[in-house]
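The values are calculated or read from the model by the stated rules, or taken from the named source; none is laboratory data. None of these values were measured; they are calculated from a predicted model. Reconstructed Cβ throughout: ideal geometry from the backbone, glycine too, with neighbour counts over all protein chains shown.
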Amino acid sequence: MFGKVLIANRGEIAVRIIRALREMGIRSVAVYSEADRDSLHVMLADEAICIGPAPSSESYLNMSAIISAAVALRAEAIHPGFGFLSENAKFADLCRQCNIKFIGPSPEIIDKMGNKSEARNTMVAAGVPVIPGTKEALYDAEKALMEAERIGFPVIIKASAGGGGRGMRVAESAEGFKEAFNAAQLEAEKGFGDNSMYIERYIKKPRHIEFQVMADPFGNVVHLGERDCSIQRRHQKVLEESPCDVIDDELRRKMGETAVKAAKAVGYENAGTIEFLLDEDKSFYFMEMNTRIQVEHPVTEFVSGVDLIKEQIRVAAGEKLSIKPEDVKIKGHAIECRINAENPEKNFRPCPGRVTDIHLPGGNGIRVDTHIYTDYMVPPNYDSMLMKLIVYGKDRKEAIAKMRSALGELVVEGIDTNVDFEYDIINSPAFESGDISTDFIPKYFPEYVKGSKGL
Amino acid sequence: MFKDIIAKKKGQGPDFSRLKKVVVNEEQNEVKNAPEVPDNMWKKCNFCGKPILTEDVKKNLYRCPKCGGYFRVHAYRRVELLCDEGSFAEWDKEMPFENPLNFPGYKAKVEATQEKYKLNEAVISGECRINGAAAVLCICDGRFIMSSMGKNVGEKITRAIERATEKKLPIVIFCCSGGARMQEGIISLMQMAKTSEALKRHHDAGLLYISVLTNPTTGGVTASFAMLGDVILAEPKALIGFAGPRVIEQTIRQKLPEGFQSSEFLLKHGFVDMIVGREDQREVISRLIRLHDRELIKKSLSAFSKGEDLFGEAETDSVSKLSAWERVKLSRDAKRPSAKDYTDLIFDDFTELHGDRCYGDDGAIIGGLAFFKGMPVTVIVQQKGKNTKENIIRNFGMPLPEGYRKALRLMKEAGDFNRPIVCFVDTPGAYPGMESEERGQGEAIARCLYEMSGIKSPMVSLVIGEGGSGGALALAVANEVWMLENATYSILSPEGFASILYKDSKKAPEASEVMKITAADLKKLGVIEKIIKEDKPACKENLKDIAGLISRELADFFARYKDKSPEDIVDSRYERFRRF
């Protein structure tokens, strides 16, 4: 096991990793920018070293400074957290060259999965379903219909140069397809001066479902169930839960096996996430693979009982997975809300500033991951996430009730936050009834998407 | 008072003194798994001081990925960057060591350097292909005793030049040097003469030499082969000079300004044709070789055939009915297309060459090489600006002596390679300023007329706007002179004419009528051969059409001249002006 690990990150995830290290008896090294001198991760780590000025490019993305810090303080491994250098193949490669263990997959895998088309091709080769669609541009309705029939209805017709819904049509069946194609093409021609089109299977009421996988260097891979991350605002996740209430045991087994197959196909190691789009009819399609720990990992920790960060560290140190596939039991229901320093009334404008007072909810099944404290100054330089509030109940209903209660208790003063927005979502009948898809927010909270065309 | 409260309130966070730090056995740790940065993984940029990855530097053609600064490149790496794969065949790989002055310790130093860098001397030479073009190549390697020039460096370069002459090949030399090799004393000095002499023979054999100046090029190398290129290229921000900056500072007891003796400084002062970044060197060098390819010039010239002559005698009568004064005004109109507007449409791959190799680079005259329907041509134009900013650079189209000297240099170069020349005239006149007189405006123009008469390649000159006096004539001692319909060509401006003859410059409109300065008048006088029609006064809208007409006329011109011997070309030009 490692003696000392450097955390190449900041904020709540750095705190989360430092705590895990301390519990494991591993010495932690925090790195920080000049703007983060008073940040909690700096105070909690066993050692801390400043790596540069406030801008990320000169601090948390500054590979030479971070590597130098690790060498100077003799850290044997680097945990990259999420964001920043966590999916940077070059950084992972530099770590390897410097005899520093990068806690994550190899640079080769990061590279491969980071390239969308290569990732897709790899998955197709491994027998993982991807959204069927055309590879080459289409110009002619007759030919397009043949393609549509090959792909299977319903299909969506899109302009190659498109965006914002223009030049886009859904065709439910062969009937009326040509009319829809021609109309979309005409719009594309007028709108973008380009009449090349493509079509793919139309996913009805898609849900963003991701499977957590964990792999060790010995080829063992387990999945720890799914997370439903459909509630998004402009592709930013707002609230996540596990399990997903429309996935039954059979589908979970099928999707989980696919996720494990995908991870094995690339020879994956460490924590990873396979993202799928789930159709209303329960078909699912591979979207992409995230080769890092994710923000929403605590919901999986609650329902699986596995400490993902510790597992990551163990696996990186060359140990076997501590869990076997047959031991994985998904139990209860967890929900996470992301609390950000932003103003939902003003188009979610970030609101850095001083936290003048704070009250955190607590009690049975309530978890708060945060780096803020009373008098903490939120710097304007980084991501606006302040806190993750995670609750765990015996079922979805209880989890919702806990989240309502916990959000009600949460007080952050001095800066604007999105707590009210989260509170509105968790209290909405739509959420409770489970009418969830990636267009949940525009559908039920249109007042929050004003001025944000093309969500 | 409030300040104090706020300062106190600005907490340093909670007190975590109870929290126990994790202690590890450092000693055990160190032995087991100490991280270590491999040698040479990181470098510190010596321009911006930032740490950079060696691998990134390599990928970025040995430039700093952060500030773009140019690092020195090892000779064999340059071969890789420049030559077609596997095409470089090295010559004189082994040269016996010589110590002409029996300088103590010199042998050991050379041997140690040879061993350290796996190089025999400070230069490598050989034959190669660059984008398919065959050439002899010499590359100096700065690691070898600052690539100073001793006997073996001079010998390798001289032999390479001699072989290039023998094989009728162009030569490219990448220069880099601290100067003479001190340990070889006066013998080192002799290398300057030796290499220069060899280059003279190479030049007299009608062959191309491209010199590429890299950081640093100084001392005896600058004062010999480095500055003798037919074309002199430089890498950005290289130090180039004869005396080193420290020597100059000690002598004049002043600090030198920023950028003194840089590539950019030399470009401004007329000694460098162009600054070429590493990413473009292969393309630019191979293009320059093609532009100097005699066979290509000969072959492509002979391929021109006479098309339909759209502008016969009838043209003179069909021009629009405008008064001379109206045409004067049109020829000066700021909206009238400038020379570059036409050349951009007519020629391909225009490669601008700067400087008069003497004093400076004039913005009012643009010169360079380009392809016209696949044939290399030299293009020299007078350029006006379209706005104040451009006009400051272009000096309102009024050339200084260095402009004429640049034009002259390029014309002579074209003559040496039998490359046809196309000139576009558009100037109110040569610049009448103090500095013009100081640097010999009259001499510069006279020298143009004198030397142009003897240039052995077909030459055509087109007046596109104002043809102002001697300043225009300096680009118009051509085999044929043409005018756009609304251009003018005169001994001086109508205003000047009026003030001399009528003592009133306001009588310019009347003067313009009697001066015979329009295309139609000049054609009648036999001063020009051709009028190129403007269906309406040249402007943005009909620019393309007019450029098309010029292209067609140029093709016809080359067809008329393709069979003429160089002597006939010179004689016919002589006769053309002898008539007047």
All but one of (1) free of Cβ contacts under 8 Å to residues at least 12 places away in the same chain; (2) within 18 Å of B:Y489 (Cα to Cα) hold for B:T388; state the number of the condition that does not hold. (2)
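Scan the range B:385-402 and tell me whether some residue there is part of a helix (DSSP H, G or I) and modelled with pLDDT of 95 or more. Give the derivation first.
Filtering the range B:385-402 down to residues part of a helix (DSSP H, G or I) leaves B:388-397, B:401-402.
Adding the requirement that they be modelled with pLDDT of 95 or more leaves B:401-402.
Yes: one or more hits.
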Every pair of residues 6+ apart whose Cβ atoms lie under 7 Å, when the first sits in the range B:420-441 and is without any contact (Cβ under 8 Å) to a residue 24 or more places away in the chain while the second is of a type in the set (S, T, N, Q): none
When the range B:321-331 is examined, which residues are found to be more than 26 Å from B:M411 (Cβ to Cβ), part of a helix (DSSP H, G or I) and of a type outside the set (V, I, T)? B:A324, B:W325, B:E326, B:R327, B:K329, B:L330
Residues that are in a strand (DSSP E or B) and surrounded by 24 or more Cβ atoms within 10 Å (Cβ to Cβ), drawn from the range B:112-129: B:V123, B:I124, B:S125
What number goes with the only condition from (1) assigned to a helix (DSSP H, G or I); (2) within 13 Å of another protein chain (Cβ to nearest Cβ) that A:E12 does not pass? (2)
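Can you confirm whether A:S433 is surrounded by fewer than 17 Cβ atoms within 10 Å (Cβ to Cβ), out of contact with any helix residue (DSSP H, G or I) (no Cβ under 9 Å at 6 or more places or on another chain), farther than 17 Å from A:P298 by Cβ and among the polar types (S, T, N, Q)?
On the way: surrounded by fewer than 17 Cβ atoms within 10 Å (Cβ to Cβ): yes; out of contact with any helix residue (DSSP H, G or I) (no Cβ under 9 Å at 6 or more places or on another chain): yes; farther than 17 Å from A:P298 by Cβ: yes; among the polar types (S, T, N, Q): yes.
Judged against the criteria, A:S433 is a match.
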Within the range B:429-450, identify whether any single residue is surrounded by fewer than 22 Cβ atoms within 10 Å (Cβ to Cβ), in contact with a helix residue (DSSP H, G or I) (Cβ under 6 Å, 6 or more places away or on another chain) and within 20 Å of B:R327 (Cα to Cα), and answer yes or no. yes
Quick test of your reading of the structure: A:F218 fulfils all but one of (1) surrounded by fewer than 22 Cβ atoms within 10 Å (Cβ to Cβ); (2) closer than 30 Å to A:N343 by Cβ. Name the failing condition by number. (2)
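When the residues of the range A:36-73 are filtered to those that are touching a Leu at 6+ places or on another chain (Cβ under 8 Å) and assigned to a helix (DSSP H, G or I), which remaining residue is nearest to the other protein chains (Cβ to nearest Cβ)? Spell out the reasoning first.
The initial filter retains those residues of the range A:36-73 that are touching a Leu at 6+ places or on another chain (Cβ under 8 Å), namely A:44, A:47, A:49, A:60-61, A:63-64, A:66-67, A:69-70, A:73.
Add one more test, that the residue is assigned to a helix (DSSP H, G or I), and what stays is A:44, A:63-64, A:66-67, A:69-70.
Numbers: A:L44: 7, A:M63: 8, A:S64: 4, A:I66: 11, A:I67: 7, A:A69: 10, A:A70: 6 Å.
Applying the filter and picking the extreme gives A:S64.
Out of A:V5, A:V31, report the one residue that is in a strand (DSSP E or B) and in contact with a Cys (Cβ under 8 Å, 6 or more places away or on another chain).
On the way: A:V5 fails: in contact with a Cys (Cβ under 8 Å, 6 or more places away or on another chain).
Exactly one of A:V5, A:V31 is in a strand (DSSP E or B) and in contact with a Cys (Cβ under 8 Å, 6 or more places away or on another chain), namely A:V31.
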Members of the range B:185-219 that are over 17 Å from B:L266 (Cβ atoms), surrounded by 23 or more Cβ atoms within 10 Å (Cβ to Cβ) and out of contact with any helix residue (DSSP H, G or I) (no Cβ under 6 Å at 6 or more places or on another chain): B:S188, B:L207, B:L208
Tally, over the range B:123-146, of residues that are modelled with pLDDT under 95 and touching a strand residue (DSSP E or B) at 6+ places or on another chain (Cβ under 6 Å): 1
Check B:K43, B:K58 and return the single one that is within 11 Å of another protein chain (Cβ to nearest Cβ), within 25 Å of B:I124 (Cβ to Cβ) and not in a loop (DSSP other than H, G, I, E, B). B:K43
Taking into account only those residues within the range A:197-255 that are assigned to a loop (DSSP other than H, G, I, E, B) and without any contact (Cβ under 8 Å) to a residue 60 or more places away in the chain, which is farthest from A:Q294 (Cα to Cα)? A:Y202
Only one of A:M385, A:M377 is buried (at least 18 other Cβ atoms within 10 Å of the Cβ) and more than 14 Å from chain B (Cβ to nearest Cβ). Can you tell me which? A:M385
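Which residue out of B:E553, B:E575 is exposed (fewer than 15 other Cβ atoms within 10 Å of the Cβ), modelled with pLDDT of 90 or more, assigned to a helix (DSSP H, G or I) and not basic (K, R)? Before the answer, list the steps.
Working: B:E553 fails: exposed (fewer than 15 other Cβ atoms within 10 Å of the Cβ).
Result of the check over B:E553, B:E575: B:E575.
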Do we have any residue at all in the range B:92-105 that's surrounded by 15 or more Cβ atoms within 10 Å (Cβ to Cβ) and either under 30 Å from B:L288 (Cα atoms) or not assigned by TED's automatic domain parsing to the domain that holds B:S177 (or both)? yes
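Looking at B:G454, is it surrounded by fewer than 24 Cβ atoms within 10 Å (Cβ to Cβ), in a helix (DSSP H, G or I) and in contact with a Gly (Cβ under 9 Å, 6 or more places away or on another chain)?
Details: surrounded by fewer than 24 Cβ atoms within 10 Å (Cβ to Cβ): yes; in a helix (DSSP H, G or I): no; in contact with a Gly (Cβ under 9 Å, 6 or more places away or on another chain): yes.
Spelling it out, it is not the case that B:G454 is surrounded by fewer than 24 Cβ atoms within 10 Å (Cβ to Cβ), in a helix (DSSP H, G or I) and in contact with a Gly (Cβ under 9 Å, 6 or more places away or on another chain).
So if I check each of A:L138, A:L94, which one is aliphatic (A, V, I, L, M) and closer than 29 Å to B:D56 by Cα? Reasoning before the result, please.
Details: A:L138 fails: closer than 29 Å to B:D56 by Cα.
From the options A:L138, A:L94, the qualifying one is A:L94.
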Going through the range A:344-374 in order, the residues found to be within 12 Å of chain B (Cβ to nearest Cβ) and touching a Pro at 6+ places or on another chain (Cβ under 8 Å) are A:Y373
Matching residues in the range A:171-182 - criterion: being of a type in the set (A, V, I, L, M) and surrounded by 14 or more Cβ atoms within 10 Å (Cβ to Cβ): A:A171, A:A180
Go through the range A:126-138 and give me each residue that's touching an Asp or Glu at 6+ places or on another chain (Cβ under 9 Å) and surrounded by 16 or more Cβ atoms within 10 Å (Cβ to Cβ). A:I131, A:T134, A:L138
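Per-residue answers, yes or no, for (1) surrounded by fewer than 21 Cβ atoms within 10 Å (Cβ to Cβ); (2) more than 14 Å from every other protein chain (Cβ to nearest Cβ); (3) under 23 Å from the mean Cα position of the chain (by Cα); (4) at pLDDT below 90:
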{"position": "A:K90", "(1), (2), (3), (4)": "yes, no, yes, no"}
{"position": "A:I103", "(1), (2), (3), (4)": "no, no, yes, no"}
{"position": "A:M113", "(1), (2), (3), (4)": "no, yes, yes, no"}
{"position": "A:S117", "(1), (2), (3), (4)": "yes, yes, yes, yes"}
{"position": "A:D140", "(1), (2), (3), (4)": "yes, yes, no, no"}
{"position": "A:K143", "(1), (2), (3), (4)": "yes, yes, no, no"}
So if I check each of B:C67, B:C48, which one is at pLDDT 90 or above, under 20 Å from A:I66 (Cβ atoms), under 33 Å from the mean Cα position of the chain (by Cα) and of a type outside the set (V, I, T)? B:C48
Might you check whether a residue that is touching a residue at least 12 places away in the same chain (Cβ under 8 Å) and loosely packed, with under 13 Cβ neighbours inside 10 Å occurs anywhere in the range B:498-509? no
If I ask for residues that are in a helix (DSSP H, G or I), in contact with a helix residue (DSSP H, G or I) (Cβ under 8 Å, 6 or more places away or on another chain) and of a type outside the set (A, V, I, L, M), which ones from the range B:332-356 would you list? B:D341, B:Y342
Name the pairs: first residue in the range A:409-437 and among the hydroxyl-bearing types (S, T, Y), second residue assigned to a helix (DSSP H, G or I), Cβ to Cβ under 8 Å, at least 6 apart or on different chains? A:Y423/A:R404; A:Y423/A:L407; A:Y423/A:G408; A:S428/A:Y444; A:S437/A:K443
